[in-house]
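First the structure, in the form of structure tokens, and then the observations on it.
Computed from the coordinates by the stated procedures, all read-outs in this text should not be read as laboratory data. Everything numeric in this text was worked out from a predicted model, so none of it was measured. Please note: Cβ atoms are built from the backbone with ideal geometry, for glycine as well, and neighbour counts cover all protein chains shown.
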Amino acid sequence: MDKETFFESPVTSLGGMAIRWVNELGAMVVFLFRAFVMIFHPKQFPVIAHQVYFIGARSATIVMLVGLFTGMVLGLQLFHTLVKFGSAGVLGTAVALSLIRELGPVLTAIMITARAGSSMATEIGIQRISEQIDALDTMRIDPLRYLVSPRIAASIISFPLLTAFFDLIGILGGFITGVMMMGLNAGTYFYRVRTGVELEDITGGFVKALVFAIIVSIICCFQGYYTHMRRDSYGAKAVGLSTTSAVVLSCVLILVADYVVTSLLL
């Protein structure tokens, strides 16, 4: 290998990687647009209801469990921190704002990604490699309308609702720690929650939940739908790698989007 080729290879590899990322991003945007338009098809509502049950209702237990212990840990940590400054009375505000603004939407999205997002990618990926999606095309059934659109709609419905559950249970968890275990006055705790939380805080949390819903649903469905086009493997191994990629990429983009949305809302 001559000197020119040695210095050309890293640049060429980096350029090729950038082009692939741009192509995949463009394909994902087109994929989202086509699937989103089909949400409003009249035959979609029973399928959407089924997906709301799977993504939302069946994820409620784990989301509320995580919310409870997150609130309890927040209450414990913040109580000991605020006592040092003589401000233990504002524990309710601190717990509520931490959950509503940040931890509620983010942790809810990550929990749903781990439970339902991975299932989306795996199920669609298996349907792809077993040629079930090709069979839908043969029967003149649009796979995007049948497989992807209901999952996107169900995610948009489920994420804000589960985020609200997470916030409420987390605030109760802070109450258990701060009031029942540390002896803070119950009236003071809930008064601070009521006076410290404003409408824009709640709205911002729901905006984040909607953004995360679109990110998780589209990435997981996209990875599963195009399992057969992976460069690194094929068959069952490709399904596993697609599921892994979907979960990892979703979690990373949740945190990136959290920063972007927070910077826009503040």
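Looking at this structure, is I39 part of a helix (DSSP H, G or I) and under 19 Å from the mean Cα position of the chain (by Cα)? Here the answer is no, as I39 does not meet what is asked. Within the span defined as segment 157-168, every residue fails to be over 30 Å from V261 (Cα atoms) and in a helix (DSSP H, G or I). Can you name the residue in segment 19-36 that is farther than 21 Å from D142 by Cβ and surrounded by 11 or more Cβ atoms within 10 Å (Cβ to Cβ) and, of all such residues, is farthest from the chain's Cα centre (by Cα)? Checking each candidate, the answer is R20. Regarding S98, is this residue under 15 Å from G173 (Cβ atoms) and among the hydroxyl-bearing types (S, T, Y)? Criteria met by S98. Filtering segment 161-211 to residues that are buried (at least 21 other Cβ atoms within 10 Å of the Cβ), closer than 30 Å to I55 by Cβ and not β-branched (V, I, T) leaves L162, F166, D167, G170, G173, G174, F175, G205, K208, A209. Where helices (runs of 4 or more DSSP H) fall wholly inside segment 44-155, the ranges with 3 or more residues that are of a type in the set (A, V, I, L, M) and buried (at least 18 other Cβ atoms within 10 Å of the Cβ) are 45-55, 60-84, 91-98, 104-112, 118-129.
Scanning segment 178-214 for residues that are under 30 Å from A116 (Cα atoms) and among the small types (G, A, S) yields G204, G205, A209, A213.
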